[in-house]
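Colleague: This is the structure I want to talk about, given as structure tokens.
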């Protein structure tokens, strides 16, 4: 059974020529929205396979048009849906790169090896992502995804080593 991963959400139509505004959650829009790229669209129980026709960036949105959807009337029903890729389209990652869905659930330890908790979710803030660590009997710990804090990510062993700088754990 194929798994699907979010690429972006269609939030509106744009103009009359079948473009939609996408708020993207992918860090590589150029690798997702190239002409001819396959995407799957999901909303409620519906699913559609789409092929990207054009892509451009406008303000904070990715504007995407699809093959066989030439006008605004064709894409209005896509608004509110989510664009996803199947696991067969996950990009080959460079060494030391990983997908956010691989991070959630990883154990978090500090440099001394002390268990701090588990990664509960990742927030994209525009600047640095924030990794939220769920801790037993304590408030969640919010860690910015920067080199001085996230020291090592070991996907294979599901463990992230961090340096909790002073002031982060208030």
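The values are calculated or read from the model by the stated rules, or taken from the named source; none is laboratory data. From a predicted model like this one, the values you see are computed outputs, not experimental measurements. Note that each Cβ is placed from the backbone with ideal geometry, even for glycine, and that neighbours are counted across all protein chains shown.
Colleague: Take residue 113 and decide whether it is touching a strand residue (DSSP E or B) at 6+ places or on another chain (Cβ under 7 Å) and more than 20 Å from residue 27 (Cβ to Cβ). Can you show your working first?
Modeller: Working: touching a strand residue (DSSP E or B) at 6+ places or on another chain (Cβ under 7 Å): no; more than 20 Å from residue 27 (Cβ to Cβ): yes.
Criteria not met by residue 113.
Colleague: Considering region 53-101 alone, what residues qualify as being modelled with pLDDT of 75 or more and on the phi > 0 side of the Ramachandran plot?
Modeller: Scanning region 53-101 gives 59, 68, 80.
Colleague: What number of residues within region 16-29 satisfy the criterion of being in contact with a helix residue (DSSP H, G or I) (Cβ under 7 Å, 6 or more places away or on another chain) and either surrounded by fewer than 20 Cβ atoms within 10 Å (Cβ to Cβ) or part of a loop (DSSP other than H, G, I, E, B) (or both)? If you could, list the steps in order and put the result at the bottom.
Modeller: Filtering region 16-29 for residues in contact with a helix residue (DSSP H, G or I) (Cβ under 7 Å, 6 or more places away or on another chain) gives 16, 18, 20, 26.
Adding the requirement that they be either surrounded by fewer than 20 Cβ atoms within 10 Å (Cβ to Cβ) or part of a loop (DSSP other than H, G, I, E, B) (or both) leaves 16, 18, 26.
Counting residues in region 16-29 that are in contact with a helix residue (DSSP H, G or I) (Cβ under 7 Å, 6 or more places away or on another chain) and either surrounded by fewer than 20 Cβ atoms within 10 Å (Cβ to Cβ) or part of a loop (DSSP other than H, G, I, E, B) (or both) gives 3.
Colleague: Let me ask something additional. Name the single residue that is modelled with the highest pLDDT among those in region 123-141 being farther than 19 Å from residue 165 by Cβ and surrounded by 11 or more Cβ atoms within 10 Å (Cβ to Cβ).
Modeller: This residue is 134.
Colleague: Among all residue pairs at least 6 apart or on different chains, which show Cβ distances below 6 Å where the first residue, located in region 100-128, is closer than 14 Å to residue 142 by Cβ and the second is modelled with pLDDT under 80?
Modeller: Pairs found: 122/100.
Colleague: If you scan region 52-91, which residues turn out to be assigned to a strand (DSSP E or B), within 13 Å of residue 24 (Cα to Cα) and free of Cβ contacts under 8 Å to residues at least 60 places away in the same chain? Full working, then the answer.
Modeller: Narrowing region 52-91 to residues assigned to a strand (DSSP E or B): 52-58, 61-66, 82-86.
Then keep just the ones that are within 13 Å of residue 24 (Cα to Cα); that gives 55-58, 61-64, 82-85.
Selection gives 55, 56, 57, 58, 61, 62, 63, 64.
Colleague: Let me ask another. Does residue 49 satisfy the condition of being free of Cβ contacts under 8 Å to residues at least 60 places away in the same chain, surrounded by fewer than 15 Cβ atoms within 10 Å (Cβ to Cβ) and in a strand (DSSP E or B)?
Modeller: Considered against the rule, which asks whether it is free of Cβ contacts under 8 Å to residues at least 60 places away in the same chain, surrounded by fewer than 15 Cβ atoms within 10 Å (Cβ to Cβ) and in a strand (DSSP E or B), residue 49 comes out as yes.
Colleague: Here is a follow-up. Considering only region 30-39, state which residues are part of a strand (DSSP E or B) and buried (at least 19 other Cβ atoms within 10 Å of the Cβ).
Modeller: Once the filter is applied, which keeps residues that are part of a strand (DSSP E or B) and buried (at least 19 other Cβ atoms within 10 Å of the Cβ), region 30-39 yields only 39.
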